[in-house]
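Here's the structure, in structure tokens; my notes come after.
The values are calculated or read from the model by the stated rules, or taken from the named source; none is laboratory data. These numbers come from a predicted model, not from an experiment. Positions of Cβ are backbone-derived with ideal geometry, glycine not excepted, and every protein chain shown enters the neighbour counts.
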Amino acid sequence: MLGQHDVGHRVVVRRFVRLGPEGRPLFGDLIGELLEFGEETLRLRTRDGATHRVARGDIIGAKRVPPWRPPNRRVAALERAAEEAWPAPVREALGEWVLRCAEGWTGRGNSALAVGDPGLPLPAAVDAVENWYAARGRPPMINLPLPLAAPVAAELDARGWRSRPPTLVQTAAVKHLVAAAPGEGVELAATPTPGWLRSVAGRTGTLPPAAHHILAAVERVRFAHVYGDGGDLLGTARGTVTGGGRWLGLFLIDVRPEARRRGVARHLIGALAQWAAGEGAIEAFLQVEEHNEPAKALYRDLGFTTHHTYVTRIAPG
């Protein structure tokens, strides 16, 4: 049987559905993300976005099952939309891989994206990545979407590359975000204001010129602000529309400690979703560290589910 430790994971629940011919009970299976494990009911969200409540007394059996793995082409498409939304000022193609450098600002901006065919045998491709970053005085890093880049991971394991903690790439339907979060009190701007930039700098340190490029060098981008009654900036976020107009990317969602648990993050996301819906976006994505339980709980409540994971690998030395 399941327990509280299974919340957030994909599960299968076999439960009583109804009485059939001759009064015989009929049973059915539900497969989805476990949202709530209550004393009397379980709540699941299936892949179609529908939410189901199941009385525990109707459950015949239940267990955790492996996460749903989307087709590799969909993982690749989403990773390319995310790369487009976070454009490093220095980019170079290695076959279908992308080598990126951004003065050390963020792992995404300073790692090779290993999606597709690098145009070289795998050992030679990794050698090329090492040489490219060494020439720029940066530690070689490779971003590995999993399970898509599992062969690259095996090569890096053999070379002793270290791993950063996994990051979850989560998705939700834009229309569900618009319905779940009205976006009240949020101001959107096409360029980052000085206050918005100060807020980001407070999280990540001084912003180099490369950071300004990453933040603003997207054709369709909005910077969200929420101000308090006294004029203080309480929350910020960044939204982009990329991937041929399909994807809303949500980045740098931040709420000051004194304003947390007041719905500020929800409204930031809702306002950006409303803007993106007007741009024709259908799906939203964000990236959250696997160990960030408070953020994961918020995103789960808004309807986000994990699409895939990625791990940033760092060369030894």
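General observations
- The set of residues in the stretch 53-75 that are touching an Asp or Glu at 6+ places or on another chain (Cβ under 9 Å), surrounded by 14 or more Cβ atoms within 10 Å (Cβ to Cβ) and in a helix (DSSP H, G or I) contains only 56.
- Unmet criterion (only one of (1) surrounded by 13 or more Cβ atoms within 10 Å (Cβ to Cβ); (2) under 18 Å from the mean Cα position of the chain (by Cα); (3) under 27 Å from residue 124 (Cβ atoms); (4) not acidic (Asp, Glu)) for residue 81: (3)
- Look at the stretch 57-78: where a residue is touching a residue at least 12 places away in the same chain (Cβ under 8 Å) and a partner is assigned to a helix (DSSP H, G or I) and among the acidic types (Asp, Glu), sitting 6+ places away or on another chain with Cβ atoms under 8 Å, you get 64/6.
- Qualifying residue in the stretch 121-142 (condition: aromatic (Phe, Trp, Tyr), under 24 Å from the mean Cα position of the chain (by Cα) and outside any loop (DSSP other than H, G, I, E, B)): no
- Hey, residue 145 at pLDDT 95 or above, in contact with a helix residue (DSSP H, G or I) (Cβ under 9 Å, 6 or more places away or on another chain) and surrounded by 19 or more Cβ atoms within 10 Å (Cβ to Cβ) or not: no
- The residues on offer are 313, 262, and the sole one that is among the basic types (Lys, Arg), part of a strand (DSSP E or B) and more than 26 Å from residue 244 (Cα to Cα) is 313.
- Matching residues, the stretch 202-232, being touching a Phe, Trp or Tyr at 6+ places or on another chain (Cβ under 6 Å) and surrounded by fewer than 17 Cβ atoms within 10 Å (Cβ to Cβ): 208
- Close Cβ contacts (under 9 Å, 6 or more residues apart or on different chains) running from residues in the stretch 233-256 that are assigned by TED's automatic domain parsing to the domain that holds residue 107 to residues that are aliphatic (A, V, I, L, M) and part of a strand (DSSP E or B) are absent.
- Counted residues, the stretch 75-103 - those being over 15 Å from residue 310 (Cα atoms) and either at pLDDT below 95 or of a type in the set (Asp, Glu) (or both): 4
- The stretch 1-29 residues that are without any contact (Cβ under 8 Å) to a residue 24 or more places away in the chain and part of a strand (DSSP E or B), paired with ones that are small (Gly, Ala, Ser) and loosely packed, with under 15 Cβ neighbours inside 10 Å (beta carbon under 6 Å, 6 or more apart): 17/28; 26/20
- Being in a strand (DSSP E or B) and at pLDDT 95 or above is a condition met by no residue of the stretch 271-280.
- Residues of the stretch 150-196 that turn out to be surrounded by fewer than 13 Cβ atoms within 10 Å (Cβ to Cβ) and under 18 Å from the mean Cα position of the chain (by Cα), as a count: 1
- Selected residue (only one of 249, 243, 239 is over 20 Å from residue 167 (Cα atoms), modelled with pLDDT of 95 or more, in contact with a strand residue (DSSP E or B) (Cβ under 9 Å, 6 or more places away or on another chain) and crowded, with 21+ Cβ neighbours inside 10 Å): 243
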